Amino acid sequence: MPKKESSAEVTEQRERLGRGDQLTNGYCFDPDRDPDIFKCGPLEEGVAKGEISVSWDGSIVQNLVTGEVERREARPMTASTMIAPVNAPTAGGASTTATTDNAPAGGRGART
């Protein structure tokens, strides 16, 4: 496990984000982790370089260079992974987004 960052280092990185600046080279942000700002490890560096792909829950890690796949224990669900995307379809398949086709609107008086 990587060395735990000091609170001063994390505070400095939070201030950078607050100003709209990027994190200092070697630091990562992941709202699903605690602390959410940490020093990047080999996995994060591999993802940034496009050499590694990680599933959304962290259970599948694929080396994109060799094609090797590793299965891991899934990360526990957190508040940020439980929040539904804004335009996700609802239970009945209906969507909250507007349709863009040119079909006539249904309802009273609509003819097909």
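Residues in segment 1-52 that are out of contact with any helix residue (DSSP H, G or I) (no Cβ under 6 Å at 6 or more places or on another chain), under 27 Å from N63 (Cβ atoms) and hydrophobic (A, V, I, L, M, F, W, C): M1, F29, F38, C40, L43, V47, A48. Considering segment 60-81, the residues that are without any contact (Cβ under 8 Å) to a residue 12 or more places away in the chain and β-branched (V, I, T) include one that is surrounded by the fewest Cβ atoms within 10 Å (Cβ to Cβ), namely T66. Residue pairs whose Cβ atoms lie under 7 Å apart, separated by 6 or more positions or on different chains, with the first residue in segment 37-59 and among the polar types (S, T, N, Q) and the second assigned to a strand (DSSP E or B), are S53/Q62; S59/R71.
Every number here is computed from the coordinates shown, using simple stated rules; none is lab data. Treat the numbers as computed from the prediction; the structure is a model and nothing was measured. Backbone-built Cβ (ideal geometry, glycine too); neighbour counts: all protein chains shown.
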